[in-house]
């Protein structure tokens with residue numbers, strides 16, 4: 001379904017840009033370009049070639065980010081940074097969520113428990129891009145502490161905001177799970193028995 005929508009959007013953009021191509025290129029150049037990328041074939045043939053190329057890892061070339069550069073090459077260039085941010089965000093979210101869940105369970109029905117629960121509800125409710133936007137406004141555009149976009153010159157500082165923004169959902173889920181499990185364990189029979197014996 002998503003592949004079909006992406007294909008239709010792709011063809012729609014090509015149709016919109018067709019007039020610009022004719023303005024900047026000769027008719028022969030346009031026909032050669034369409035033949036090169038199979039755009040002169042029927043739509044169903046184009047769709048089949050689109051799926052077949054995707055299955056073989058060929059996503060075409062870029063005309064906006066890096067002109068005439070294979071998309072797979074662009075992905076390969078940026079994948080290590082994305083992988084690093086994703087792994088660190090998962091680790092940060094899991095550790096913080098686990099600690100928050102334990103603290104909330106130990107302080108059950110207190111202000112701290114309510115605070116931790118409220119943070120977890122916000123973490124689940126707010127999408128990551130909204131959290132990223134809020135963090136960027138505060139720390140980049142008001143306090144000027146952290147960059148809003150990634151910079152190869154300052155890689156470690158540049159990934160702080162994305163890591164925090166991506167970790168919120170994981171943190172919220174782990175916190176809720178850890179809190180509920182900890183409360184259940186604390187009210188189990190063997191913990192009560194141990195507590196009655198002064199252990």
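A Cα-only calculation for the range 22-103 places Rg and Dmax at 21.3, 70 Å.
Treating r as the C-beta distance of residue 28 and residue 75 and R0 as 45 Å, the FRET efficiency rounds to 0.85. Start at zero, step by 10 Å, and the Cα-Cα distances of the range 74-196 spread as 13, 33, 29, 15, 7, 2, 0 percent across the bins. By the beta-carbon count within 10 Å of each Cβ, the least crowded to most crowded order of 50, 37, 150, fewest first, is 37, 150, 50. Classification of the range 87-159 by its C-alpha gyration tensor yields a prolate form. The axis ratio a/c (a ≥ b ≥ c) is 1.5 or more, and a/b outweighs b/c. Ranked by how many other Cβ atoms sit within 10 Å of their own Cβ, fewest first, the residues 181, 28 fall in the order 28, 181.
Here, each number is a calculation from the coordinates, and none is a lab measurement. In this text, all values refer to a predicted model and were calculated from it rather than measured experimentally. So basically every Cβ, Gly included, is an ideal-geometry build from the backbone, and we count neighbours across all protein chains shown.
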